1. List pairs: first in the stretch 41-56 and hydrophobic (A, V, I, L, M, F, W, C), second surrounded by 15 or more Cβ atoms within 10 Å (Cβ to Cβ) and assigned to a loop (DSSP other than H, G, I, E, B), Cβ under 6 Å, 6+ apart or cross-chain?
2. Out of curiosity, is P197 modelled with pLDDT under 90 and over 22 Å from S49 (Cα atoms)?
3. When you go through A222, A261, A251 one by one, which is the residue that is hydrophobic (A, V, I, L, M, F, W, C), touching a strand residue (DSSP E or B) at 6+ places or on another chain (Cβ under 9 Å) and within 14 Å of ligand 1 (Cβ to nearest atom)?
4. Residues being assigned to a helix (DSSP H, G or I) and touching a residue at least 24 places away in the same chain (Cβ under 8 Å): count how many of those fall in the stretch 133-145.
5. Please indicate, with yes or no, whether at least one residue in the stretch 237-244 is touching a Phe, Trp or Tyr at 6+ places or on another chain (Cβ under 7 Å) and either within 16 Å of ligand 1 (Cβ to nearest atom) or modelled with pLDDT of 90 or more (or both).
6. Tell me, yes or no, whether the stretch 145-160 has at least one residue that is over 18 Å from Q262 (Cα atoms), modelled with pLDDT of 90 or more and away from ligand 1 (no atom under 12 Å from the Cβ).
7. Six or more apart or on different chains, Cβ atoms under 6 Å: show the pairs whose first residue is in the stretch 65-79 and within 18 Å of L125 (Cβ to Cβ) and whose second is of a type in the set (D, E, K, R).
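The values are calculated or read from the model by the stated rules, or taken from the named source; none is laboratory data. Computed from a prediction, not measured in an experiment: that's the story for all the values here. Here the Cβ is made from the backbone with ideal geometry for all residues, glycine too, and neighbour counts use every protein chain on show.
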Amino acid sequence: MSVPAWPCAYDMRRSGYDQSSHIVHLDDLSAQDVSVEDLKLKLLALFRSPTYRPPMLPAVALELLALSRKQRVTSAEVADLLGRDPMLAGQVLRVAKSAVYTRGEPVRSLDQAIVRLGLDKVTDLFFQAALEMKVFRAPGFESEMEALRQHSAFTAECARLVSRHTLGFEDYAFLCGLLHDVGIAACILSLNEIAGPTRKVSFENAWPSVRDIHASCSELLANIWQLPPDIALVLRLHHTLAHQGQVHPLAAAVAVADGLAQENGFGFREETQIVDTESAAAFAGIGRPALAQLRQAVALMAQNFGQPTTR
Ligand SMILES: [Fe+2]
Ligand SMILES: [Fe+2]
């Protein structure tokens with residue numbers, strides 16, 4: 001598969017970094033100092049390179065997304081598709097049995113999960129399981145990936161709640177919440193490659209560079225995975241919100257979900273928020289009373305999510 005042209009969301013002039021004053025140590029051995037800007041450029045060059053091997057989602061996950069957008073789909077068709085990847089199907093069942101989804105009778109089988117949760121939710125869970133198995137894993141960065149996995153899962157659930165207060169976009173809210181920071185995973189997965197086999201990379205030192213480019217990297221992965229263009233655009237805009245002078249309401253909704261995750265201890269480091277949660281909510285068409293309701297609902301949900309990972 002060819003890698004699409006690099007999206008131009010990253011604007012060097014707006015980054016505010018002065019190369020001479022922001023030096024990071026890429027490796028703990030300090031064999032070579034790399035500026036924040038240098039590391040960004042190295043990562044971007046790697047992603048643009050024809051030899052770049054992005055993390056791939058299983059074909060079944062993408063087929064399921066396409067199936068879920070069709071008008072008439074039977075649960076047998078879905079079960080057949082899921083059955084082609086038993087490991088992933090098992091993961092879906094594990095999440096479907098978790099406290100977040102089991103209110104009343106627990107889900108016992110995949111068929112039951114499809115009937116009880118519905119195709120859209122099962123598709124969302126399938127994507128979640130696929131990301132956990134195929135993307136959020138990098139030797140040497142286990143704690144960062146676990147924190148990112150948890151942040152993404154929590155933000156996805158928040159986005160679903162947020163979308164109930166917005167007009168439209170319910171279909172993609174969970175997926176956008178789940179994938180919004182997947183560019184961070186892409187950067188983490190590439191750090192070892194950039195540093196070379198003999199160096200140990202410190203994520204702490206790489207974070208300022210990763211933070212600055214991650215939204216564009218999320219968009220890049222969405223394009224490589226051939227997800228709907230709307231999703232890719234929202235991933236790019238999840239911090240800046242505006243495209244051609246107009247705020248994208250779903251990007252604003254994801255920013256609200258991101259903010260609520262942070263408020264409940266499920267944030268990922270200090271992501272740069274251009275606007276605060278209240279302003280993002282206003283852009284998403286969510287008034288103060290609805291935001292107060294959302295805060296209560298998310299706080300309740302947080303109790304079922306277990307302990308946030310220390311990061
Ligand atoms: Fe982000
Ligand atoms: Fe985030």
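1. Matching pairs, first to second residue: L46/Y52.
2. No, not satisfied.
3. On inspection, the qualifying residue turns out to be A251.
4. Qualifying residue count for the region: 5.
5. Checked against the condition, which is being touching a Phe, Trp or Tyr at 6+ places or on another chain (Cβ under 7 Å) and either within 16 Å of ligand 1 (Cβ to nearest atom) or modelled with pLDDT of 90 or more (or both), the stretch 237-244 yields at least one hit.
6. As a first pass, look at the stretch 145-160 and keep what is over 18 Å from Q262 (Cα atoms): none.
No.
7. Close Cβ pairs (under 6 Å, with a partner that is of a type in the set (D, E, K, R)) amount to S68/D120; A79/D111.
Residue-wise test of (1) farther than 21 Å from P58 by Cβ; (2) at pLDDT 85 or above.
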position	(1), (2)
M87	no, no
G90	no, no
G104	yes, no
A113	no, no
E132	no, yes
G140	yes, yes
